[in-house]
Amino acid sequence: DAATDNPTSPRGAAPPEGAASPGGVALPGGATLPGGPVSPGGTVLSGPDAVRRILISSTWFGAVVILAAWVYFGWPWALGFAGGVLVGGGNLFFLAALIREIITTQKRNFQRIALLLAIKVMVVYGGLAVLLIWKVPPVLSVVAGFSLVLVVITLRAVGRELLAGGFFRIPTRKGKDGESAT
């Protein structure tokens with residue numbers, strides 16, 4: 001229709017730089033980053049898919065670190081780190097599920113919220129207690145494994161900001177007359 005052919009029309013106009021587009025965040029030059037809504041600072045807000053990607057990234061990165069810990073520090077360090085990664089991933093999973101249940105436009109199911117909270121307490125805090133009371137894995141390895149999810153979240157946010165901020169843009173060469181030569 002005429003609205004999509006007219007670039008000044010709200011439906012036909014490209015989203016402003018850093019704004020949410022159907023495919024993600026609009027970048028300079030017309031490229032888009034996959035993602036959801038954008039905060040005023042330009043950061044892509046998270047959603048259920050972001051939590052899933054963080055858990056997958058944490059699992060792969062954790063597997064590599066577990067193998068390295070086993071080789072360099074021995075099996076108790078690898079076991080503690082693996083346990084910490086599992087408990088930290090479970091913590092993120094249950095927090096995301098609780099947030100989805102609590103923040104809703106529909107009627108809240110308080111029994112489901114209480115059940116999720118009870119399971120989270122048993123899995124996360126019970127798992128940490130078992131790992132720390134057991135005394136086989138070093139405490140530092142458990143803490144490092146538990147913190148891995150936070151490290152992955154931070155690295156993903158920094159990487160997205162660097163990409164969205166144009167830090168990795170390819171500079172264009174200017175000719176003698178000031179026009180772009182590329």
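The values are calculated or read from the model by the stated rules, or taken from the named source; none is laboratory data. Every value quoted in this text rests on a predicted model; they were computed, and no experiment measured them. Counting neighbours? That spans all protein chains shown, and the Cβs are built from the backbone with ideal geometry, glycine included.
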Region 127-142 residues that are free of Cβ contacts under 8 Å to residues at least 12 places away in the same chain, paired with ones that are surrounded by 19 or more Cβ atoms within 10 Å (Cβ to Cβ) and in a helix (DSSP H, G or I) (beta carbon under 7 Å, 6 or more apart): 132/142
Quick one: is residue 135 at pLDDT below 95, closer than 15 Å to residue 83 by Cα and loosely packed, with under 11 Cβ neighbours inside 10 Å? yes
Enumeration of residues in region 86-129 that are charged (D, E, K, R) and more than 26 Å from residue 59 (Cα to Cα): 107, 108, 112
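Residue-by-condition table, conditions (1) outside any helix (DSSP H, G or I); (2) surrounded by fewer than 18 Cβ atoms within 10 Å (Cβ to Cβ); (3) under 23 Å from the mean Cα position of the chain (by Cα):
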site: 66; (1), (2), (3): no, no, yes
site: 69; (1), (2), (3): no, no, no
site: 77; (1), (2), (3): no, no, no
site: 85; (1), (2), (3): no, no, yes
site: 95; (1), (2), (3): no, yes, yes
site: 121; (1), (2), (3): no, yes, yes
